[in-house]
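The values are calculated or read from the model by the stated rules, or taken from the named source; none is laboratory data. Just so you know, these numbers come straight off a predicted model, no measurement behind them. Cβ: placed from backbone, ideal geometry, glycine included. Neighbour counts: every protein chain shown. These accessible areas exclude ligands, DNA and RNA; they are computed on the full protein's heavy atoms, side chains included. Shrake-Rupley method; radii C 1.70, N 1.55, O 1.52, S 1.80 Å.
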Amino acid sequence: MSVRVAELLMGLVTLALSIALMVKSAELNIGWIPGRGPGSGMWPFWLSLGMGLASIATIVRWFLKATPESRSRLPYIESETVFLVAVTALGLLGFLILIEYAGIYLAVAAFLAFYLKVIGRHSWKMTMAFVLGGPVFIYLLFEVALTKYLPKGLSVFEDAFLEIDNIRYEIQYSDNAGLITAGLAAWVGLSIAAALYAERRRIHGILVLLLSLAASPLIGFLAVRYFGKSAAPET
């Protein structure tokens, strides 16, 4: 199968799936519920609509031969690609299984670590940035902003996240919410500063960041000062 044929088939398949998902999602509430947030069918419906529009654009561009793929007669899949797709599929399968037992956040962290470090062979700095930042972003978007409860896995993980939620509720609804938020922002900012200082002293910044967040930025700075080496001279 050539690249040209594969592009058309993919556009048609994703369009059909988009329509099916939109119809199914429309059986639920696809609007905004006052005081509660988006309805249970809102995100699936509108994301499916976006995917459908993108599929239509792909099909139109295919007929116009507007892209290199729509004109290519090369084979669609090479042997290296088959291997990468297979590994990715197995990784996603493991990700879905892990959600059931460890919850969405630990599953996302594990999948990002596997894909970025093992498959992508990126540096530990980039890998850990996504491993730590990805779950935090998901938590802030879905559970804080959209008030949607995501699966936490076994009770031991769910109980741990309930403690996090309790702390967040105390901060969010406290009379001193602004002061507490500013304090947390300063804590995180100083922890990042300690991590950057660690890099200059030739210590892994990620480790210092974790130490500073868990203990305190002061502990992080002292650890770097005591164990770090002199910064490399500029050339």
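Taken over region 63-82, the criterion of being open to solvent by less than 80 Å² (accessible area, probe 1.4 Å) and among the small types (Gly, Ala, Ser) is satisfied by Ala66, Ser70, Ser72.
Report yes if some residue within region 104-121 is surrounded by 15 or more Cβ atoms within 10 Å (Cβ to Cβ), touching a His at 6+ places or on another chain (Cβ under 8 Å) and either in contact (Cβ under 8 Å) with a residue 60 or more places away in the chain or in a helix (DSSP H, G or I) (or both); otherwise report no. Among the residues of region 104-121, at least one is surrounded by 15 or more Cβ atoms within 10 Å (Cβ to Cβ), touching a His at 6+ places or on another chain (Cβ under 8 Å) and either in contact (Cβ under 8 Å) with a residue 60 or more places away in the chain or in a helix (DSSP H, G or I) (or both), which makes the answer yes.
There is at least one residue in region 28-36 that is free of Cβ contacts under 8 Å to residues at least 60 places away in the same chain, closer than 29 Å to Val144 by Cα and buried (at least 16 other Cβ atoms within 10 Å of the Cβ).
Of all the listed residues (Glu100, Glu143), the sole one being assigned to a helix (DSSP H, G or I) and either of a type in the set (A, V, I, L, M, F, W, C) or under 23 Å from Gly39 (Cα atoms) (or both) is Glu143.
Screening Leu146 against (1) under 17 Å from Leu209 (Cβ atoms); (2) modelled with pLDDT under 85; (3) of a type in the set (A, V, I, L, M, F, W, C) leaves a single unmet condition, (1).
From Val60, Val3, which residue is more than 30 Å from Tyr149 (Cβ to Cβ), crowded, with 16+ Cβ neighbours inside 10 Å, among the β-branched types (Val, Ile, Thr) and over 27 Å from the mean Cα position of the chain (by Cα)? Give the steps one after another, and end with the answer.
Details: Val60 fails: crowded, with 16+ Cβ neighbours inside 10 Å.
Residue meeting the stated conditions: Val3.
Against the criterion of being over 29 Å from Phe111 (Cα atoms) and either open to solvent by less than 90 Å² (accessible area, probe 1.4 Å) or without any contact (Cβ under 8 Å) to a residue 60 or more places away in the chain (or both), Ala89 does not qualify. Filtering region 148-160 to residues that are within 14 Å of Ile99 (Cα to Cα), open to solvent by less than 70 Å² (accessible area, probe 1.4 Å) and not in a loop (DSSP other than H, G, I, E, B) leaves Phe157, Glu158. Taking every residue in region 214-226 that is closer than 16 Å to Glu199 by Cα and pairing it with any residue that is open to solvent by less than 90 Å² (accessible area, probe 1.4 Å) and of a type in the set (Val, Ile, Thr), at least 6 positions away or on another chain, the pairs with Cβ-Cβ distances below 7 Å are Gly220/Val208; Ala223/Val208; Val224/Ile203; Val224/Val208. Restricted to region 92-103, and to residues there that are under 16 Å from the mean Cα position of the chain (by Cα) and open to solvent by 70 Å² or more (accessible area, probe 1.4 Å), the residue that is nearest to Tyr139 (Cα to Cα) is Leu96. No other residue among Ile167, Ile219, Ile180 is surrounded by 14 or more Cβ atoms within 10 Å (Cβ to Cβ), assigned to a helix (DSSP H, G or I) and at pLDDT below 80 apart from Ile180.
I'm trying to understand the selection: among the residues of region 183-198, which are free of Cβ contacts under 8 Å to residues at least 12 places away in the same chain and either touching a Cys at 6+ places or on another chain (Cβ under 7 Å) or open to solvent by 60 Å² or more (accessible area, probe 1.4 Å) (or both)? Within region 183-198, Ala185, Leu196 qualify.
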